[in-house]
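Report on the following structure.
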Amino acid sequence: MVVVVGAFVRLTDAGLGCPDWPGCYGKATPIHAAQAIAQAVAEQGGTHGPVSLQKAWHEMSHRYLAGTLGLLILGIAVMAWRKAVRREQSPWLASTLLLLVIFQAALGMWTVTLLLKPVIVTLHLLGGMATLALLAWLASRQLQWRAVRAAHLRPWAALGLALLVVQIALGGWVSANYAALACIDLPTCHGEWMPQMDFRHGFQLLRELGQTAAGEKLSYDALTAIHWTHRVGAVVVTLYLAALALMALRVRELRGIVITLAGLLTLQVVLGISNIVTGLKLPVAVAHNAGAALLLVILVVLNFALSVRSRW
C-alpha cells in the first residue's frame, strides 16, 4: 500500500503538496493547515500548481501510511529480540528492516526539502522497494518450506532479481525526470530505433529537477535517452525472466511460484505498453508501479524457496 500510494502521489504531482516535513505547513493534517494552503494556492494563481488541498491530502495520506508501517516494523524488531523468538531465528533481518525504514523516512524528508531532486526521488523509490523485499523475505521465513532440489537455478534466480532491481531503478529515474512520455510511439521512438539522445546529461545524478548539473534546462534528447534506456531494460528483463520461468517450470515444487511469475510478467509488459498507448493514464501508471512491486515480491519468494535446504 505504501509503495502504490507513493506512486500515486508522484503521478498526481503531489510530492510538494505539503512543502515541509513531517507535518503540513507545520500542522498535523491538511484540515488544520487549510488557511495556509489557501494562501499558497492564491499565491500560485490557482490549483494547477504543486499546491492544493487535494494534493496536500494525497501527500499526507502517504505519510500516515508510511508512519503506520514504520511502527509495525518497530514492533516486529522488538519481538524479534525476544528470547523465545531468537532461539528460532536471527533477529538481525528485522533490525536491518528498522534501520532501513529510518533511512527511508530521511529520504522522504529530503524528497520534499530538496524539491524533488531526481536522485533523491529515485532512492526513495528504491528504499520503499527494498523495504518490501526484506518484508517478503521475513514473511517467507515464517512459513514451512520443503527443500527444493534445484541448486543449479540459484544463481540464475539471483541474477533475475538483480536485473529487476536495475529495471525498477531505471523506471524510477524515468518517473523522477518526467520522461514517461518522451517517446510516444511503439515499438520505435520518434519513428527510429535509435533516436537522437543525450545520455551524458540524462544520467547525471547530482542535479536539480529539469536541469543539467550546470543549471541549464534539461534537453528533450536527455529525456529521450532516459525513456529509451528503460525500454531496452524492459526487453532484457522480460526475455530473461521468461527464460528463467521456463527453466524453473521443470521443478514441480516451484510451479506455483513460476506460474505467478509468468502471469505478473505478462501483465507488467501489457501495462508498460498501455502507458504509452493511453498517454500515461493515472490508473495504468499506478498499476505499472504495483506490477513492479509484485514482480519483486515473487522473485524474492523464488530466491527464498531455492535457498531452503531443510524445513524452517
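Worth pointing out:
- The mean sequence distance of close C-alpha pairs (under 8 Å, at least 6 residues apart), as a share of the length of the chain, puts its relative contact order at 21 percent.
- A compact globular protein would have a Cα radius of gyration near 2.2 N^0.38 Å; the ratio found for segment 217-280 is 1.47.
- Per-pair calculated FRET efficiency, R0 = 30 Å: Thr113 and Tyr220 via Cβ, rounded to 0.05: 0.55
- Each listed q (0.09, 0.11, 0.15, 0.21 Å⁻¹) maps to a log10 I(q)/I(0) for segment 1-134, found by the Debye formula over equal Cα scatterers with no solvent: -0.31, -0.44, -0.72, -1.17.
- Across every direction, the projection of the convex hull enclosing the Cα atoms of segment 185-236 has a mean area of 3.8 nm².
- The Kirkwood radius of segment 144-312, taken over pairs of alpha-carbon atoms, gives through the Stokes-Einstein law at 25 °C and 0.890 mPa s a diffusion coefficient of 141 µm² s⁻¹.
- At most 15 other Cβ within 10 Å, DSSP loop - chymotrypsin sites (Phe, Trp or Tyr not before Pro), segment 76-129: Trp81
- Here the relative contact order of segment 1-81, from alpha carbon pairs under 8 Å that lie six or more residues apart, stands at 38 percent.
- Computing Rg and Dmax of the Cα atoms in Å for the structure here picks out one of [x] 21.1, 65; [y] 18.7, 59; [z] 25.4, 86, namely [x].
- Amide H contacts of Gln211 (H built 1.01 Å from N, in plane; Pro and chain starts excluded): Leu218 sit under 5 Å, all sequence-distant by 5 or more or on other chains.
- Here the simple spin-label model places points 7 Å from the Cα toward Cβ, and for Arg252 and Arg309 these points are separated by 2.4 nm.
- Whole-Å distance, taken between Cα centres, linking segment 107-129 and segment 131-200: 19 Å
- Kyte-Doolittle mean at least 0.5, axial Cα span of 27 Å or more - DSSP H helices of the chain: 53-80, 92-113, 118-141, 154-176, 220-248, 255-277, 282-307
- Each residue, Ser61 and Val236, gets one label point 7 Å from its Cα in the Cβ direction; the gap between the two is 3.6 nm.
Values quoted throughout were computed directly from the atomic coordinates according to the rules given, and no laboratory measurement underlies them. Given the structure is predicted, the values throughout are model-derived calculations rather than measurements. Positions of Cβ are generated from backbone atoms using ideal geometry, with glycine treated the same way; all protein chains shown enter the neighbour counts.
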